[in-house]
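Following: one structure in C-alpha cells, then a few remarks.
The values are calculated or read from the model by the stated rules, or taken from the named source; none is laboratory data. Everything numeric here is computed off the predicted structure, so don't read it as measured data. For neighbour counting, all protein chains shown are included, and Cβ atoms are generated from backbone atoms with ideal geometry for every residue, glycine included.
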Amino acid sequence: MASIRTEVVIDSRPERVWEAIRDVGAVHRRLLPGRVVDTRMEGDVRILVLPGGTVVRELIVDVDDTARRLAYAVIGGTRQSVTHHHASFQVFAEGPDRSRLVWLTDLLPHTLAAQTRVRVERGAQEMKRTLEEAEAG
C-alpha cells in the first residue's frame, strides 16, 4: 500500500481552515474552485463533479471537531483502477494566524502513488491559495 503525506502551511487562522475543511459539501466553493465544479451530499456520501464530468464518490468516515480531523474514503468514480483509497485532513495551529494542513492518503495499488502524489501536492497548494485569499478578503 502506498502512503502519501503532504503538509502545507497556510496563512489563515486554524479555526477558519478547519471550518472550510469540515464543510464537506462545499469543496467546490471553499477549497478547490475550478478543480471541483460541484459538490453534493447524499447522506454520508460526498459526490464531487470534476471538470469534464468525472464524478467521484467519497464516504465521509469521520468529522472530528476536537482533533480538527476529517477522514474519507473514495468509494467510486475514479478514472483509474484504485482498489483502496482512504485519506484524512488534519489542521494544526502554527501560531494564532497560521495553520498547518496535513493530508494523508493511503491507496492501492501502490503503482498509482507517483501520479496520486502529484495531484495531492497540487491540490494542497490550490487549497492554500484559496484559503489565504478567503482570509485576506
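Under the condition of being part of a loop (DSSP other than H, G, I, E, B) and free of Cβ contacts under 8 Å to residues at least 12 places away in the same chain, the residues counted in segment 1-40 number 1. Restricting attention to segment 84-123 and to residues that are among the polar types (S, T, N, Q) and at pLDDT 95 or above, the residue that is farthest from I10 (Cα to Cα) turns out to be T105. Taken as a whole, the condition of being of a type in the set (D, E, K, R) and at positive phi applies to R68.
A count restricted to segment 62-120 and to residues that are surrounded by 12 or more Cβ atoms within 10 Å (Cβ to Cβ), acidic (D, E) and outside any loop (DSSP other than H, G, I, E, B) stands at 2. Within segment 124-137, residues that are at pLDDT below 95 reach partners that are in a loop (DSSP other than H, G, I, E, B) with beta carbons closer than 6 Å, at six or more positions or on different chains, in the pairs E135/S12.
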